[in-house]
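K.L.:
Let me give you the structure first, and then I'll get to my questions.
The values are calculated or read from the model by the stated rules, or taken from the named source; none is laboratory data. All values reported here derive from a predicted model rather than from experimental measurement. Neighbour counts are summed over all protein chains in view; Cβ atoms, including those assigned to glycine, are modelled from backbone coordinates with ideal geometry.
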């Protein structure tokens, strides 16, 4: 009986010793695997950048720059999001980030009530700062700390000025955008109209569509049927440019039309290189990524509080097809 008790005691010690060693090893490994700052210290802040357009040239550049800036500043940053403007998946990722209680969120603004509720109520409840990047939302409706990105109103003005240089001071222009005019799209439109309002011989027609390729094609067909005297197309939302140009090319030659868009679409640069776009607004995604990471960390460290509510604007310029070639 005594031997049995000793045996049980020894087995218990072995089992406890094994679990103690395992737990110690796990703790050591987890500690070792934490992202480290450049000076070798542990990361203090966890950040996420969330976009609706993962694995596109524009957002790849923004994400790489944001991650590198965070690393230099002793923080970790992960890039989350959805593919192809999947809003449901995008909002789910934003909610997960909030529930995970990350230290800061950099996010592509989405002008919907669901997004604003998450930013204004849930993120604010947990005290998580949000910075919008590339696409803004009205600051009063989201409680975002600041915006980092292009002056979209100015971008619209630059497109209109280039159109005047290329087409002249008379003609018909189709402006193609989303049925739900997000805030950044409305700013682009306002900029275009501000320039063109002084030219009475230029007529603009707004065409509504969605991100669905078939609907973009149908909207383009409809515009060409109703407006056979069209001289120019502007894809206000860059994601629709590819399908729009495809349909124009199927119906007639692309060359006679003056066609413009922005560089934040998945195929904007390739369309420009092929000469199917006459010009695009070239933005600064790398600067957007690095500056947004820098600013959110400054806010977290009380180094810059408050951040400028009107935002931090990054450089833009018109890029012509001949320049890219």
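K.L.:
Those residues that are touching a helix residue (DSSP H, G or I) at 6+ places or on another chain (Cβ under 7 Å), modelled with pLDDT under 95 and surrounded by fewer than 17 Cβ atoms within 10 Å (Cβ to Cβ), I need them from segment 129-182; list them, please.
P.N.:
Selection gives 138, 141, 143.
K.L.:
What is the one condition in (1) in a loop (DSSP other than H, G, I, E, B); (2) surrounded by fewer than 22 Cβ atoms within 10 Å (Cβ to Cβ); (3) at pLDDT 95 or above that residue 298 does not satisfy?
P.N.:
Failing condition for residue 298: (1).
K.L.:
Return yes when residue 185 is touching a strand residue (DSSP E or B) at 6+ places or on another chain (Cβ under 7 Å), farther than 30 Å from residue 88 by Cα, surrounded by 14 or more Cβ atoms within 10 Å (Cβ to Cβ) and in the same structural domain as residue 251 (by TED's automatic domain parsing) and no when it is not. It would help to see each step written out before you state the result.
P.N.:
Numbers: touching a strand residue (DSSP E or B) at 6+ places or on another chain (Cβ under 7 Å): yes; farther than 30 Å from residue 88 by Cα: no; surrounded by 14 or more Cβ atoms within 10 Å (Cβ to Cβ): yes; in the same structural domain as residue 251 (by TED's automatic domain parsing): yes.
No, not satisfied.
K.L.:
With respect to the numbered conditions (1) in contact with a helix residue (DSSP H, G or I) (Cβ under 6 Å, 6 or more places away or on another chain); (2) buried (at least 19 other Cβ atoms within 10 Å of the Cβ); (3) not in a helix (DSSP H, G or I), which one is the sole condition not fulfilled by residue 309?
P.N.:
Answer for residue 309: the failing condition is (2).
K.L.:
Still on this structure, I have one more. If residue 119 satisfies all but one of (1) within 23 Å of residue 83 (Cβ to Cβ); (2) assigned to a helix (DSSP H, G or I); (3) in contact with a helix residue (DSSP H, G or I) (Cβ under 7 Å, 6 or more places away or on another chain); (4) not assigned by TED's automatic domain parsing to the domain that holds residue 258, what's the number of the condition it fails?
P.N.:
In the conditions (1) within 23 Å of residue 83 (Cβ to Cβ); (2) assigned to a helix (DSSP H, G or I); (3) in contact with a helix residue (DSSP H, G or I) (Cβ under 7 Å, 6 or more places away or on another chain); (4) not assigned by TED's automatic domain parsing to the domain that holds residue 258, residue 119 misses (3) alone.
K.L.:
Among helices (runs of 4 or more DSSP H) lying entirely in segment 181-270, which contain 3 or more residues that are free of Cβ contacts under 8 Å to residues at least 24 places away in the same chain and over 29 Å from the mean Cα position of the chain (by Cα)?
P.N.:
Details: elements: 183-196, 213-226, 241-251.
By residue number, 213-226.
K.L.:
On the given criteria, is residue 287 within 24 Å of the chain's Cα centre (by Cα), free of Cβ contacts under 8 Å to residues at least 40 places away in the same chain and part of a helix (DSSP H, G or I)?
P.N.:
Working: within 24 Å of the chain's Cα centre (by Cα): yes; free of Cβ contacts under 8 Å to residues at least 40 places away in the same chain: no; part of a helix (DSSP H, G or I): yes.
When the stated conditions are applied, residue 287 does not pass them.
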